[in-house]
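A.B. asks: First the structure, then my questions, so here it is.
The values are calculated or read from the model by the stated rules, or taken from the named source; none is laboratory data. None of the values given here were measured: they were computed from a predicted structure. Reconstructed Cβ throughout: ideal geometry from the backbone, glycine too, with neighbour counts over all protein chains shown.
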Amino acid sequence: MPLVAGKDLLTQADAEGYAVGAFNAINMETAQSIIQAAEEENSPVIIQVTQTTLAYTEPEELAALIRALIEKAKVPVAMHLDHGRTFEIVVKFLRLGFTSVMIDGSLQADGKTPRTYQENVEVTKLAARAAHAVGVTVEAELGRLGQIGTEIPESDAENALTDPDMAARFVEETGVDSLAVAIGTTHGLFKGSPTIVHDRLRKIDEKVSVPLVMHGGTGVPDDAVRKAIDFGIRKVNIDTQIRVAFYETMAGLIDQAQKEHAEADTAGQVRKYDIRKLLKPARDAMREAVKGRIRVFGSSGKASAFTGV
Ligand code: 13P
């Protein structure tokens, strides 16, 4: 089915009380694994690309590839820019045909230094105006999430959480369609288990009219995710879990291939190299990881509202 607007997916999720999984793709195998998983679960899904992926691949090529896969998908899929840090990046992704963009005004363009509330409002408003002019959905962020290597110190953890009143004002001032909130999650793997501050989330949900987004979904226990969905989370971002599935599978296969090569050397045979034998199981492992999360998000079977199937 054709590419859908991010807003259509979130509106339907809100009406039915589930969350849409937003999974990061960097190449054909990651994008295929996400779409295959969504098809097997008959679930809507979001494929997202971060701005840092531009250092790995040409955005035009990646966007064209993802769009081609989406066009033959049997479920509704939206294409989303994850963590656009500047107005210019947002415009670039609008031109690439993404149907949803995130302007992350919580941090400056370096991705580390916090922006002030007012700076966040200004950059978000500008990006929202541009995106809305071409019918594209806008996600913003208020509060501070931890990053790998830049964890928020314990003493500052409370301050980093999204403030409910400020969030309501922010959404009103900027006109965004959804809001990513800081409620205790961290991007990447956690040391130990994360503590999701559900009470804070509930208060934000009471004050904020738009759907809420959980970043840093990897490692958040299933029950904590389900409870967050009860309190208004309608999109959950997953990246690291896909990478882990890829790495772990690949590591085992390369280990095995090296043993086979050593045996071939001993037997005086020629070594075999077939990278499809590495990539296919890695893609299958990523697909299974995505399917598992889709089930927790409660979106299995929910593609029917869009396709009638
Ligand atoms: P994880 O890498 O923790 O899954 O977080 C992904 C994310 O929030 C992308 O924006």
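A.B. asks: In the set Ile34, Ile26, which member is within 14 Å of the ligand (Cβ to nearest atom), modelled with pLDDT of 95 or more, assigned to a helix (DSSP H, G or I) and of a type in the set (A, V, I, L, M)?
C.D. replies: Ile34
A.B. asks: In addition: Which one is surrounded by the most Cβ atoms within 10 Å (Cβ to Cβ) among residues in the range 187-215 that are within 14 Å of the ligand (Cβ to nearest atom) and at pLDDT 95 or above?
C.D. replies: Residue satisfying both the conditions and the ranking: Met214.
A.B. asks: Only one of these conditions is not met by Ala63: (1) buried (at least 24 other Cβ atoms within 10 Å of the Cβ); (2) under 18 Å from the mean Cα position of the chain (by Cα). Which number is it?
C.D. replies: (1)
A.B. asks: Within the range 237-246, identify whether any single residue is within 13 Å of the ligand (Cβ to nearest atom), assigned to a strand (DSSP E or B) and of a type outside the set (Phe, Trp, Tyr), and answer yes or no.
C.D. replies: yes
A.B. asks: Can we say Ala262 is at negative phi and surrounded by fewer than 15 Cβ atoms within 10 Å (Cβ to Cβ)?
C.D. replies: yes
A.B. asks: Taking the range 43-63 only, how many residues are away from the ligand (no atom under 14 Å from the Cβ) and either closer than 19 Å to Pro2 by Cβ or out of contact with any strand residue (DSSP E or B) (no Cβ under 8 Å at 6 or more places or on another chain) (or both)?
C.D. replies: Adding up the residues that qualify gives 12.
A.B. asks: Hey, can you tell me all the residues within the range 216-236 that are within 9 Å of the ligand (Cβ to nearest atom) and crowded, with 20+ Cβ neighbours inside 10 Å?
C.D. replies: If the condition is that a residue be within 9 Å of the ligand (Cβ to nearest atom) and crowded, with 20+ Cβ neighbours inside 10 Å, then Gly216, Gly217, Thr218, Val220, Val236 are the ones that fit.
A.B. asks: Here's a follow-up. Check Val220, Val290, Val270 and return the single one that is closer than 27 Å to Val138 by Cβ and not in a helix (DSSP H, G or I).
C.D. replies: One residue alone meets the criteria, Val220.
A.B. asks: Can you confirm whether Glu172 is acidic (Asp, Glu), at pLDDT 90 or above and closer than 16 Å to Asp82 by Cα?
C.D. replies: No, not satisfied.
A.B. asks: Which condition breaks for Gln32 when tested against (1) out of contact with any Lys or Arg (no Cβ under 8 Å at 6 or more places or on another chain); (2) in contact (Cβ under 8 Å) with a residue 60 or more places away in the chain; (3) closer than 13 Å to Met286 by Cα; (4) not charged (D, E, K, R)?
C.D. replies: (1)
A.B. asks: Let me ask something else. Hey, among the residues in the range 294-304 that are under 15 Å from Lys74 (Cβ atoms) and surrounded by 15 or more Cβ atoms within 10 Å (Cβ to Cβ), which one's nearest to the chain's Cα centre (by Cα)?
C.D. replies: Taking the candidates together, the pick is Ile294.
A.B. asks: What do you reckon, is Ala282 among the small types (Gly, Ala, Ser), out of contact with any Phe, Trp or Tyr (no Cβ under 7 Å at 6 or more places or on another chain) and modelled with pLDDT of 95 or more?
C.D. replies: Criteria not met by Ala282.
A.B. asks: Residues that are at pLDDT 95 or above and surrounded by fewer than 24 Cβ atoms within 10 Å (Cβ to Cβ), at least 1 per element: which helices (runs of 4 or more DSSP H) completely within the range 67-169 meet that?
C.D. replies: Result: 87-95, 117-133.
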